[in-house]
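Each value in this text was obtained by applying a stated rule to the coordinates, not by laboratory testing. Remember, it's a predicted structure, so these values are computed and weren't measured experimentally. All Cβ positions, even for glycine, are placed from backbone atoms using ideal geometry, and neighbour counts span all protein chains on display.
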Amino acid sequence: MIIIGEKINGTRKKVAEAIASRDGTLIKELAAGQFKAGAAYLDVNAGTLPAKEPEDLVWLIELTHEAAPEAIICLDSANPDALSAGLERVKSYDPPKIMVNSLSGEKKRIEGVLPLAAKYSTELIVLALDDGGIPITVEGRLEIVRRLVGLCRDNGLKDSQLFVDPLVMTISTNVQSGTVTLDTIKAVRAEFPEAHLTCGHSNISFGMPLRSVINQAFMALTIYAGLDSAISDPENRDLKAATLATEALLGMDRHCLKFNRAFRAKQIGPPA
């Protein structure tokens, strides 16, 4: 499972305060902690006003890279100016591995995000969403994904560079949200076998009690459906345990080595 660490996000109060006060300590702690816990990618989202976002995003990138130089930076913005500034900064790193979060079927994102992803040949999260919103059916989401994958191919990006997000909606408002996501994952995996599939699992449980239990169950189901990436908190012990247990049960963990190593390292199971 490819984990994209979600914690460096300006919509979170403490991160927003750190950005405003230029407190780099918290940002570096978040970056180092997530990478140590197994996040290969670190999502970086300034979430500030458009005019200030380029400077803030570059600041976050520099601190994140300093704390976790081996992590792949995931630039999370729909602002072309911020993305351009961030991409130029990450390009200077060795190696310059970059992900952009994200491209949707919305006209402004196709015009603003796709050319930059193509120019820098980045990995790219692709959302099953367009100007009409998020379709409620599997076929509706798949139609958007087909169009976006085609545009990415036309712009020189390989399917293996794409991380398709079927978009998870909460079951508290539509009890079929889980099955629609699972069936979309299966359909994308069948049609685009070289592409990755990712999602934010916690969306499924908004408005529900025992959210952690629902999230763990959903993680297991999505892995079985074909998901190979997650935008999540890598330091969540219970979710990590559910992920590793599912991979072991599905024969994806040779000799159960990852599960046993995580247990011995006290990354899963009862806290020390």
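Add -39500 (n - 2.57) for each DSSP H run of 4 or more in the chain, then divide by its residues: what number comes out at 222 nm, to the nearest 500 deg cm²/dmol?
Details: 11 runs with 130 residues, N = 272.
Helices in the chain give a 222 nm mean residue ellipticity of -15000 deg cm²/dmol.
How do Asp228, Asp43 line up, fewest other C-beta atoms within 10 Å first? Could the numbers behind the result be given before it?
Values: Asp228 16, Asp43 21.
In increasing order of surrounding Cβ atoms, one gets Asp228, Asp43.
Between the listed residues Ala82, Leu142, Ala32, the Cα displaced farthest toward the positive end of the dipole of the range 1-156, a dipole computed from Cβ unit charges relative to the Cα centre, is found at Leu142.
Given an 8 Å cut-off on Cα distances and at least 6 residues of separation, report the relative contact order of the chain as a percent. Provide the component values of the computation, followed by the final result.
Numbers: 478 pairs, mean separation 40.3, N = 272.
Computed value for the chain: 15 percent relative contact order.
In order along the range 234-242, the Karplus-derived 3J(HN,Hα) couplings, from 6.51 cos²θ - 1.76 cosθ + 1.60 at θ = phi - 60°, round to x, 8, 7, 4, 5, 5, 5, 4, 4 Hz, and Gly and Pro are given as x.
Size of the dipole of the chain about the Cα centre, Lys and Arg at +1 and Asp and Glu at -1 on the beta carbon, nothing else charged, in debye to 20? Each step should come with its number before you reach the end.
On the way: 30 positive and 34 negative charges, 136 e Å.
Charge dipole, the chain, about its Cα centre: 660 debye, nearest 20.
A straight Cα-to-Cα reach below 24 Å connects Lys28 with the lysines Lys7, Lys13, Lys14, Lys36, Lys52, Lys91, Lys97, Lys240, Lys266, residues fewer than 8 places away in its own chain not being considered.
With 10 angstrom as the radius, rank Tyr41, Tyr224 by how many other C-beta atoms surround their C-beta, starting from the fewest.
Details: Tyr41 27, Tyr224 14.
Least crowded to most crowded, the residues run Tyr224, Tyr41.
Of all DSSP beta bridges confined to the chain, the antiparallel ones make up roughly 5%.
For the pair the range 27-68 and the range 187-232, the centres of their Cα atoms are 24 angstrom apart. Which distance in Å, rounded to a whole number, links the C-alpha centroids of the range 135-149 and the range 243-272? Comparing the Cα centres of the range 135-149 and the range 243-272, I get a distance of 34 Å.
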